[in-house]
Amino acid sequence: MNRRAFLAMSSAAAMAACTTTPIDSEPRMGPDGKPLPQVYRISSGQTGRIQYRMLDSVNALRKSAGVPELELDSKLTAAAATHARDMSVQNRPWLFGSDGSSPIDRMNRVGYTGRYIGEAISESYETELETLAAWMEREDTRRIILDGSARDLGFSWFQEPNGKIWWDMVLGEPGKAGPVLSQTPPAAS
């Protein structure tokens, strides 16, 4: 008898596992009539794919603007990753580190020897492409993304357990750290 009961219970459990719950085909709407945001979770295995999707998207925008493409730079990416985490610690999106460091300080710390072009930062629950679209809507960040002298891109983020993402994109121009002073004074004419 116990064997029959066990088989019946197992069969019932297997049948229950096969049933599906209806999924809403409509997104949940907020009081303003717009779809409620959904948390965009990023796993550690997605890092390269997200960085190259951003690079490809930025390069498509730059190509349509007639400016040269960018290359992903590991040093600038390290600077962006450090600052993304630091913005989370500070709980505010801004360009300066909790230690008072500037974007140029962060570039120097990771050994990038090029010139700082600019930085785009964001605090959101949105995907990287939604964030890029928001950056392109703003004149200041659009100007940085489309700057013709930029050649290197650093891109990273930090995601909090609640899903909030701190995005950071840094652009630089390699080999252009600043004016080089001559060792010898110019000859008098």
Just to be sure I follow: if Rg is taken over the C-alpha atoms of region 139-178 and Rh is the Kirkwood radius over the same atoms, what is Rg/Rh?
1.12
Which percent of the accessible heavy-atom area of region 117-171 goes to carbon and sulfur, probe 1.4 angstrom?
49 percent
Lysine pairs, Cα distance under 25 Å, 8 or more residues apart or cross-chain: how many in region 26-179?
5
Alpha-carbon spread of region 51-112, three principal axes, descending order, Å:
38, 25, 18
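Whole number in Å², please: accessible area per residue of region 73-123, 1.4 Å probe, ligands, DNA and RNA not counted.
49 Å²
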In terms of modelled amide H atoms, which long-range or inter-chain residues lie less than 5 Å from the amide H of Y125?
I165
Accessible area of region 37-78 belonging to carbon and sulfur atoms, whole % at 1.4 Å probe
50 percent
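The values are calculated or read from the model by the stated rules, or taken from the named source; none is laboratory data. Since this is a predicted model, take the numbers as computed values, not measurements. Just so you know, the surface numbers come from the protein's heavy atoms only, side chains and all, with ligands and any DNA or RNA stripped out. Shrake-Rupley method; radii C 1.70, N 1.55, O 1.52, S 1.80 Å.
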